[in-house]
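Following: one structure in structure tokens, then a few remarks.
The values are calculated or read from the model by the stated rules, or taken from the named source; none is laboratory data. No experiment lies behind these values; they were computed from the predicted model shown. Neighbour counts run over all protein chains shown; Cβ positions are idealised from the backbone, glycine included. In case anyone asks, the SASA skips ligands and DNA or RNA and just uses the protein heavy atoms, side chains included. Shrake-Rupley method; radii C 1.70, N 1.55, O 1.52, S 1.80 Å.
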Amino acid sequence: AILTAGVRAGIQLAVVALLIGWVVRSGLSFVFVAVMFAVAVWTAGRRITKNGTWWWAVAPIAAGVVPVVLVLLLTG
């Protein structure tokens with residue numbers, strides 16, 4: 001089971017690396033970051049609340065993401 005999980009994790013990482021490489025080369029980085037941000041907000045928000053206030057997760061996630069993305073964009 002451990003070997004299977006390790007192989008599966010390696011394959012998943014390789015696929016994600018290829019996807020990110022393609023996104024960067026195609027110029028769709030902003031779209032990719034926006035989609036990943038939305039998925040993170042939705043996933044985290046659903047875990048912390050059961051009512052319709054999941055969108056409140058935007059602020060804490062943005063607090064960590066926005067400075068990093070700004071540094072990356074400003075430094076090229």
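Across the chain, the relative contact order, built from alpha-carbon pairs under 8 Å that are at least six residues apart, equals 17 percent. Distance between the pseudo-spin-label points of Ala9 and Phe30 (7 Å out from Cα toward the beta carbon): 3.6 nm. Rounded, prolate or oblate for the chain? Axes are the square roots of the Cα gyration tensor eigenvalues, ordered a ≥ b ≥ c, and the cut-off for rounded is a/c under 1.5. Oblate, since a/c reaches 1.5 and b/c is not below a/b. Summing charges over all other residues whose Cβ lies under 13 Å from the Cβ of Ala57, with Lys and Arg as +1 and Asp and Glu as -1, gives +2.
Label point of Arg47 set 7 angstrom out along Cα-Cβ; within region 1-39, amide nitrogens under 15 Å from it belong to 37-39. Ligands, DNA and RNA left out, the 1.4 Å accessible surface of region 1-63 is 77% carbon and sulfur atoms.
What accessible area per residue comes out for the chain, rounded to a whole number of Å², with a 1.4 Å probe? In whole numbers, the chain has 82 Å² accessible per residue. Taking each DSSP H run with n ≥ 4 as -39500 (n - 2.57) and averaging over every residue of the chain yields -28500 deg cm²/dmol at 222 nm.
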